[in-house]
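S.K.: Can you keep this structure in mind? I'll have questions shortly.
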Amino acid sequence: MKGRERSNEERTFPKFLIETDILAEFLIAGPSIEGGRAVPPEEPSLLRRALGVSVCYTTMLNVMELFRATASDPERNAIAALLRLVRVLGFHARYARPFAEYARTFDDLATDRETMILGMAKISDLTVLTKFHFDRYRHLGIVNVWNVIPAPVELHSAPVERRTR
């Protein structure tokens, strides 16, 4: 057989929707400058690990939150560079109806922001990658949520759980 066979140790990772906290972590933990050269951090950020195994997306809302938190041109330039690494999803009018249906399933337990992020992940068949929102999103139970990129041999994720009141 030509080509190589997939070993039991190789895994397929989902496509990720990257939350703002993971994007900010990447920007903050970026390379340091030593002797005029960029030196990567000792431990790769969660976004860097995700990019190494899958396609990564974020939303226009997440990008807006990043730009809103900036105070200088170098910070805005760093965000612009980050946007070359991830694909940005916009919110189209065709999403309004399904997002409203998701919001109803939450029984007012989710904010509009959460509904937009989780709705985009659901519509686009993406797994949300977050640390800050991990427990909250897992409780709401509409999409898969990860807070770690596991080693290739071990996969751990939070499967979709139905929320309880």
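S.K.: Provide TYR95, TYR137 in ascending order of the number of other Cβ atoms located within 10 Å of each residue's Cβ, fewest first.
M.R.: On the way: TYR95 17, TYR137 23.
Taking fewest neighbouring Cβ atoms as first place, the list is TYR95, TYR137.
S.K.: Go through region 56-61 residue by residue and turn each phi into a ³J(HN,Hα) via Karplus (6.51, -1.76, 1.60, θ = phi - 60°); whole Hz please, and just put x for glycine and proline.
M.R.: Listing the rounded values in order: 10, 10, 9, 10, 4, 4 Hz.
No lab work stands behind these numbers, since they all come straight from the coordinates. Just so you know, these numbers come straight off a predicted model, no measurement behind them. Glycine gets a Cβ as well: all are built from the backbone with ideal geometry, and neighbour counts include every protein chain shown.
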